[in-house]
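Structure, as structure tokens:
No value in this document is a laboratory result; all are computed from the given coordinates. Since this is a predicted model, take the numbers as computed values, not measurements. Note that we place each Cβ from the backbone using ideal geometry, even for glycine, and neighbour counts take in every protein chain shown.
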Amino acid sequence: MKSMKELLLSAGIPPEKEKEIFGTIRKIKVKKGTLLQIKGDEKNLSYFVCFGLLRSYTIDSKGKEHVFLFAPEGWILGDFESYTFDTPSQLFIDALEDSVIEIVDFKKQDLVEDMPREALLKQTKLLTRRAGVLQHRLLMLMSATALERYQEFLKTYPNISQRVPQKLIASYLGITPEALSKIRRNMVK
């Protein structure tokens, strides 16, 4: 997928809704370090990465960042809890690289109402897959070794390990940067 439009078309957006939906998609360039969303935002936007790299994260009461997800090219990032339950955002989203993104406000769209049955089934399958991926990530954090979590990171994000600072990868894995260095050294041996 090279654009949000292609993704939405593949999801079965009804032709009569295309103009309305595609007219709300904004394509922008953002610089590395640009903060796209902060905790408490109520705008419920989704970000499709055409080029570059985004991340979502939380900050705990001690000021420590915890990486939730990375979003390289072709991925969509947003606070789906906020979107689903119409609550303020819990996640921060920023650009880890200069990026080209497409922004869409799905809250302004009533896509489900007019979707044909086969499109709804496709959307349900995509959402179920996303839920399964998130469940797998949670189970990995709860029960896998640090090495297993790192191997899963490499499998999930095969092209970003050299693009992301080690401390952010360690945060995603729930380990210290020193522990990650040790894992990497042992993998090379």
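General remarks:
- Extending 7 Å from the Cα toward the beta-carbon at both Asn159 and Asp105 defines two label points whose distance is 3.2 nm.
- The stretch 25-102: trypsin sites (Lys or Arg not before Pro) in DSSP coil with no more than 10 other Cβ atoms inside 10 Å: Lys31, Lys62, Lys64
- From least to most packed, judged by other beta carbons within 10 angstrom and beginning with the fewest, Met187, Met140 follow the order Met187, Met140.
- Above-threshold pairs, the threshold being 27 Å between Cα atoms, out of Lys32/Lys125; Lys31/Lys182; Lys64/Lys189; Lys125/Lys155: Lys32/Lys125; Lys31/Lys182; Lys64/Lys189
- Near Asp98: Cβ cut-off under 10 Å, other residues only, Lys/Arg at +1 and Asp/Glu at -1. The net charge is +2.
- Fully extending the segment from Ala131 to His66 would add 21.4 nm, taking 0.36 nm per residue of separation and subtracting the current Cα-Cα distance.
- The stretch 30-107: C-alpha gyration tensor shape, a/c 1.5 cut-off, then a/b vs b/c: oblate
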